[in-house]
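Chemist: One structure is given below, represented as structure tokens, and several questions about it will come after.
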Amino acid sequence: NPPSLHVDNLLSETCFLQPFANVTGSLNDHRVCQCSVYLPDPVFPVQKVEMLEITAQVLSEKFDRELTKVSQYTKAIEMYEQKIQNLTIKVEHMESTSVSYMELDFQLLKLEISEMERLVTQLKSTLVGSNVIVEQLYIEIKNLTLMVNDLESLDKNNILAIHREIVALQNRLKECEKHRNQTTKPSYFPPGSCGHGGIVNISQPYVVQLNWKGFSFKYGSWGRDYSLRTPQKDLYWIAPLNTDGRLLEYYRLHNSYDDLLLLKNARELKIPYGYGEGSGTTVYNNFMYYNIYNSREIGKLDLNTNTLTVRKTLPNAAYGNRFSYAGVGWQDMDFAVDESGLWVIYSTEDNTGNIMISKLNETTLDVLHTWNTRQYKPSISNAFIICGVLYATRPVNTRKEEIFYTYDTNTEQEGKISIIMDKMLETIQSINYNPSDQVLYVYNDGYLVKYNLIFQPVLH
């Protein structure tokens, strides 16, 4: 309360307090004017203003969250609308076409509809109050469910018909599998016969044994003599190269397959007069044919006496590892035997390294006829000849080889085939074909391996 103010009682019973306001007062017993005045608070209400700001911030954040939810709901609704349109198109297509639909089609539709129904139900639960768009979506999804169920019930007969057809096809497939798994006896062609249509398949490799010198002697060749003079007599030969992979110095002979397996009764002999070179050696009519070391000469060795009976130059033949096989060095000349006799596979500079095939006179080693191919010799891994047809191989990987190229000297035609050979080790050093048993004798990183061949009948 302010101090008492004395005013003249003659003027008025109302006193005026300047400069604040007019107030009504009263006179006490002593004729003193008394009044009550409320002065303004001299301090600014900072705490109240801060509380107001915090409240405003909280309200703003709540508003933003709700606005974001609305935006998300809008996008979700648009997505569901698109899905419903797609489903509607699918259902209308099913209604308008006569194509029979399997039960799986209906199950997929039901799954899509169930997923949308679940999402829309979840959306409804998150919205406070009623939302016309969401309610409309929910009703349309329910209608779609009923429509698909009706279509499925109408399509029962077609589904059953298709199911019966599937069962019939499965039974036919089982029959095909049963016939395929049955062992079909290959066509038989007598030894020395060329009445077939060429190789159609090859057996799994049969490992006979490691060469007698050991694992370090990875290069070489082996086989069985094809002798027209003494066809009833067996002669197996093994000719591993030295560890340099080039020099042919020693060879062994076995008079039977059992002797070979048991490593007994072996005749070990040394190549006379300059030795041989490379893994292209072969044996025909009890004579060994090989490339004489560091030359383009062919050597003919009598196995009965171990004497060099003929030495002949192969005209223009490349030598000195010029055009050897891929992955196999020093095999510039590769000798082969087939049903008709002795052959040599080689290259010349004039033929730019492509394979040349020459038929040799086995007695004189004269060239009887030569065929030029367009297959580059260093791009193949090995070759052999059957019934006048050259077959070339190439590696597929470290465990598979492919017979991929042919050249028929009878028709002078090249061809492409694909017959896969499994191999025990990575590199095949030589392949020798024997017409008497129709077997490939393969020297595979020091191991002696055999393959049986399957021929196809002649196609008319």
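The values are calculated or read from the model by the stated rules, or taken from the named source; none is laboratory data. Keep in mind it's a predicted model, so treat the numbers as computed, not measured. FYI the Cβ positions are ideal-geometry reconstructions off the backbone, even for glycines, and counts take in every protein chain you see. The accessibility values were calculated without ligands, DNA or RNA, using every heavy atom of the protein model including side chains. Shrake-Rupley method; radii C 1.70, N 1.55, O 1.52, S 1.80 Å.
Chemist: Do the conditions hold for residue 375, that is, is it of a type in the set (S, T, N, Q) and in a strand (DSSP E or B)?
Modeler: So residue 375 passes the test.
Chemist: Anything in region 411-457 that is in contact with a Phe, Trp or Tyr (Cβ under 9 Å, 6 or more places away or on another chain), without any contact (Cβ under 8 Å) to a residue 40 or more places away in the chain and under 25 Å from residue 219 (Cα atoms)? List them, or say none.
Modeler: If the condition is that a residue be in contact with a Phe, Trp or Tyr (Cβ under 9 Å, 6 or more places away or on another chain), without any contact (Cβ under 8 Å) to a residue 40 or more places away in the chain and under 25 Å from residue 219 (Cα atoms), then 425 is the only one that fits.
Chemist: OK, next. Among what's in region 404-460 and is under 27 Å from the mean Cα position of the chain (by Cα) and not in a strand (DSSP E or B), pick the residue that is nearest to residue 369 (Cα to Cα).
Modeler: Applying the filter and picking the extreme gives 427.
Chemist: State all residues of region 47-85 that are under 30 Å from residue 111 (Cα atoms), free of Cβ contacts under 8 Å to residues at least 12 places away in the same chain and among the acidic types (Asp, Glu); if no residue qualifies, say none.
Modeler: 78
Chemist: Looking at region 263-304 only, could you name the residues that are open to solvent by less than 10 Å² (accessible area, probe 1.4 Å) and either charged (D, E, K, R) or closer than 17 Å to residue 358 by Cβ (or both)?
Modeler: Result: 277, 278, 280, 281, 282, 284, 289, 290, 291, 292, 298, 299.
Chemist: Tell me the strands (runs of 3 or more DSSP E) entirely within region 188-279 that contain at least 2 residues that are in contact (Cβ under 8 Å) with a residue 60 or more places away in the chain, out of contact with any Pro (no Cβ under 7 Å at 6 or more places or on another chain) and among the aliphatic types (A, V, I, L, M).
Modeler: 196-202, 206-210
Chemist: If you take the residues in region 305-330 that are aromatic (Phe, Trp, Tyr) and either more than 13 Å from residue 248 (Cα to Cα) or at pLDDT below 95 (or both), which one is surrounded by the fewest Cβ atoms within 10 Å (Cβ to Cβ)?
Modeler: Taking the candidates together, the pick is 319.
Chemist: Assigned to a loop (DSSP other than H, G, I, E, B), without any contact (Cβ under 8 Å) to a residue 24 or more places away in the chain, in the same structural domain as residue 219 (by the TED database) and not hydrophobic (A, V, I, L, M, F, W, C) - does that describe any residue in region 322-338?
Modeler: No, that holds for no residue.
Chemist: Could I ask something else about it? Inside region 349-369, can you point out the residues that are surrounded by fewer than 20 Cβ atoms within 10 Å (Cβ to Cβ) and over 20 Å from residue 300 (Cβ atoms)?
Modeler: 349, 350, 351, 352, 353, 354
Chemist: If you check residue 357 against the conditions, is it in contact with a Phe, Trp or Tyr (Cβ under 7 Å, 6 or more places away or on another chain), in the same structural domain as residue 320 (by the TED database), within 20 Å of residue 292 (Cα to Cα) and touching a residue at least 40 places away in the same chain (Cβ under 8 Å)?
Modeler: So residue 357 passes the test.
Chemist: Next question, about the same structure. Please enumerate the residues belonging to region 339-354 that are touching a Phe, Trp or Tyr at 6+ places or on another chain (Cβ under 6 Å) and either among the acidic types (Asp, Glu) or assigned to a strand (DSSP E or B) (or both).
Modeler: Within region 339-354, 342, 344, 354 meet the criteria.
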